[in-house]
Amino acid sequence: MRAFTEARTDWLTVIHLPGYAPDLNAVEGAWASMKSSLGNHAATNLADLEAMVRTRLRSIQRRPDLINAFLGQTGLTLDPPPP
């Protein structure tokens, strides 16, 4: 992997993160949002639970502002650092 990244420094920026850092993981915000909306629902079987999770994930997917907020709460950005 090191050889791969070092050969592409003209367009690839590698940022080393700690091994465990949930506060830097945007997915944690997505899971928290989804779990909070499922908290008051009782699935009677696995198929019902799957349907509820899929519906909630689709609603998150349709809100780019919410997805940007998940990234924003980490303090990270998709913009490359200035040269």
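The values are calculated or read from the model by the stated rules, or taken from the named source; none is laboratory data. Quantities reported herein were computed from a predicted structural model and do not represent experimental measurements. Here the Cβ is made from the backbone with ideal geometry for all residues, glycine too, and neighbour counts use every protein chain on show.
Annotations for the structure displayed:
- Subset of segment 42-81 that is among the polar types (S, T, N, Q) and either in contact (Cβ under 8 Å) with a residue 24 or more places away in the chain or at positive phi (or both) - its residue that is surrounded by the fewest Cβ atoms within 10 Å (Cβ to Cβ): Gln73
- Search result, residues across segment 24-81 that are closer than 30 Å to Asp10 by Cα, in a helix (DSSP H, G or I) and either touching a helix residue (DSSP H, G or I) at 6+ places or on another chain (Cβ under 6 Å) or modelled with pLDDT under 85 (or both): Ala26, Phe70, Leu71
- Inter-residue pairs, beta-carbon under 8 Å, first free of Cβ contacts under 8 Å to residues at least 60 places away in the same chain and in segment 10-22, second outside any loop (DSSP other than H, G, I, E, B), 6+ apart: Leu12/Thr5; Val14/Thr5; Leu17/Leu24; Pro18/Leu24; Pro22/Glu28
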